[in-house]
């Protein structure tokens, strides 16, 4: 039940995209998201869709994994579409009772839906092809200039990687405790909201205790290995760009330039 | 009254690159009142198997019958089943959550919809069954020692008065004294109440003393299913799957090899002692 959550989970495969430097993927994801807001025409979205489909094909991640991630935002998507559809003023298309669908409304609703789903699929492509650790490595390196502004870049990256590392552990733990309580006759599914919230207590208390215990253990283990922050710390496998990464930057640049051109011209 | 597993298969993460075939064509009959040891190396599928017994996991294919009824039938009462097949998970002390020991043990019977009085009676009886002293009843479960916490957690399941008690590695992480205490308590409980007990472990030594039947799992399938005597005769094969027979078996085998006429199927130290003395033409 709980293992079905894919948003932000790594899918193991051996592909060009998987092997790219995490910095490239981070920049590409940000670039892709910006490009979605730069273009505002059908041509632009077709280009974005083609780019996205090509990347998914290259990544060897089954398409249904992306769709699974979409499930989490179905609700948001629905609200966006409904609101845009009925509340945008303009030339009326269909009118039933007090609700009017306008031409502009339809256009914006569809565009928003496409934009949102591309956004989610694009960013889940990054997390599906990059291990959390290399992702934070990439972030740390990208944000390095901020160090001169006294931003604790290393500490933030470390916190992020620990947080990410704990997601699957805590999910597994949740699954285990849930099963243990179900075995004791607990019921997490039926009843009204208050009853359901109350039913969470036997799950949340042990989960919090175990999270604290694990955090404590981890802190101990880190201290036992003399961890003391980012100062003068070197990496065993430092990130460095290779030929494929440069080509990827080139492709990204071409795509982005194309999108800007479309955005300006159309 | 029994549990029957009919061609049960279970695959983790089906249709993904990481799918694992955790159970392969498992067929078992678990009659009432048996004391069974379920043995297997880490990752052999024993924990997966026991979670099928009370319907927490649904087999990918195959069926499970409890008292002749398919537990995955649409209108089968799973809650009722879970009170009949009590499952104590690995490290059960991690599931404790109430403010005191007694309340925590009450959780199970309360979920069954029993009256306050009945709930408390059962909780009290269960705590007595696991041998916890009265003075601990109103303490926070988090202030107890590891062994005591585990007893409380086991009592939490016992309070539902199960007909079948499944314990997944009940001695993991306990010191030898704590281990013997827990196992002795379980054996005593079995004797007093006559319930079916399934003891999951990776240590033959632990179970040899208590159980009447051993099921050995290897890579998701049942390798041996027989009395300890017969299973331990396969000690060479057991070693190959990462398990070992009790030390007594090795001693008896070594003695037999040296020409002593002993019966090598002795499973406990007491039996071995008898055998050796007999071979030496002496009696106790």
Of A:203, A:218, the only residue that is in a helix (DSSP H, G or I), touching a residue at least 24 places away in the same chain (Cβ under 8 Å) and more than 14 Å from every other protein chain (Cβ to nearest Cβ) is A:218
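Given A:145, A:168, A:152, which one is surrounded by 12 or more Cβ atoms within 10 Å (Cβ to Cβ) and either touching a strand residue (DSSP E or B) at 6+ places or on another chain (Cβ under 7 Å) or modelled with pLDDT of 85 or more (or both)?
Numbers: A:145 fails: surrounded by 12 or more Cβ atoms within 10 Å (Cβ to Cβ); A:168 fails: either touching a strand residue (DSSP E or B) at 6+ places or on another chain (Cβ under 7 Å) or modelled with pLDDT of 85 or more (or both).
A:152 is the lone residue from the list that is surrounded by 12 or more Cβ atoms within 10 Å (Cβ to Cβ) and either touching a strand residue (DSSP E or B) at 6+ places or on another chain (Cβ under 7 Å) or modelled with pLDDT of 85 or more (or both).
So that you can scan it fast, the table gives a plain yes or no per residue for (1) touching a strand residue (DSSP E or B) at 6+ places or on another chain (Cβ under 8 Å); (2) within 14 Å of chain B (Cβ to nearest Cβ); (3) modelled with pLDDT of 90 or more:
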residue: A:213; (1), (2), (3): no, yes, yes
residue: A:232; (1), (2), (3): no, no, no
residue: A:252; (1), (2), (3): no, no, yes
residue: A:262; (1), (2), (3): no, no, no
Residue A:236 - would you say it is at pLDDT below 85, within 30 Å of the chain's Cα centre (by Cα) and exposed (fewer than 15 other Cβ atoms within 10 Å of the Cβ)?
yes
Residue match in the stretch B:255-269 (condition: under 30 Å from residue B:42 (Cα atoms) and modelled with pLDDT of 85 or more)
no
Considering only residues that are within 12 Å of chain A (Cβ to nearest Cβ), farther than 16 Å from residue B:166 by Cα and in a loop (DSSP other than H, G, I, E, B), which ones fall in the stretch B:50-83?
B:58, B:77
In the stretch B:182-204, what count of residues is obtained for those that are in contact with a helix residue (DSSP H, G or I) (Cβ under 7 Å, 6 or more places away or on another chain) and over 16 Å from residue B:225 (Cα atoms)?
3
Scope the stretch B:238-262; condition within 21 Å of residue B:212 (Cβ to Cβ) and surrounded by 15 or more Cβ atoms within 10 Å (Cβ to Cβ); matching residues
B:238, B:243, B:244, B:245, B:246, B:248, B:249, B:252
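From the list A:229, A:138, A:191, which one is under 30 Å from residue B:56 (Cβ atoms) and either touching a helix residue (DSSP H, G or I) at 6+ places or on another chain (Cβ under 7 Å) or not in a helix (DSSP H, G or I) (or both)?
Working: A:229 fails: under 30 Å from residue B:56 (Cβ atoms); A:138 fails: under 30 Å from residue B:56 (Cβ atoms).
Exactly one residue qualifies, and that residue is A:191.
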For residue A:174: the one exception among (1) part of a helix (DSSP H, G or I); (2) at pLDDT below 90; (3) within 14 Å of chain B (Cβ to nearest Cβ):
(2)
Failed condition for residue B:23, given (1) over 27 Å from residue B:137 (Cβ atoms); (2) under 16 Å from the mean Cα position of the chain (by Cα); (3) at pLDDT 90 or above:
(2)
Only residues that are within 14 Å of another protein chain (Cβ to nearest Cβ) and over 22 Å from the mean Cα position of the chain (by Cα): list them for the stretch B:123-144, please.
B:140, B:141, B:142, B:143, B:144
Tell me, please, whether a residue that is surrounded by fewer than 24 Cβ atoms within 10 Å (Cβ to Cβ), without any contact (Cβ under 8 Å) to a residue 40 or more places away in the chain and either away from chain A (no Cβ under 14 Å) or under 17 Å from the mean Cα position of the chain (by Cα) (or both) can be found in the stretch B:146-165.
yes
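Residue by residue through the stretch B:14-44, note down the ones that are within 14 Å of chain A (Cβ to nearest Cβ) and closer than 22 Å to residue B:90 by Cα.
From the stretch B:14-44, those within 14 Å of chain A (Cβ to nearest Cβ) are B:14-20, B:22; that's our starting set.
Scanning the stretch B:14-44 gives B:20, B:22.
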Considering only the stretch A:120-141, I want to know if a residue exists there that is more than 19 Å from residue B:98 (Cα to Cα), more than 14 Å from every other protein chain (Cβ to nearest Cβ), buried (at least 17 other Cβ atoms within 10 Å of the Cβ) and without any contact (Cβ under 8 Å) to a residue 24 or more places away in the chain.
yes
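The values are calculated or read from the model by the stated rules, or taken from the named source; none is laboratory data. What you are looking at is a predicted structure, and each value in this text was computed from that prediction instead of being measured. Cβ atoms come from the backbone with ideal geometry, glycine included; neighbour counts cover every protein chain shown.
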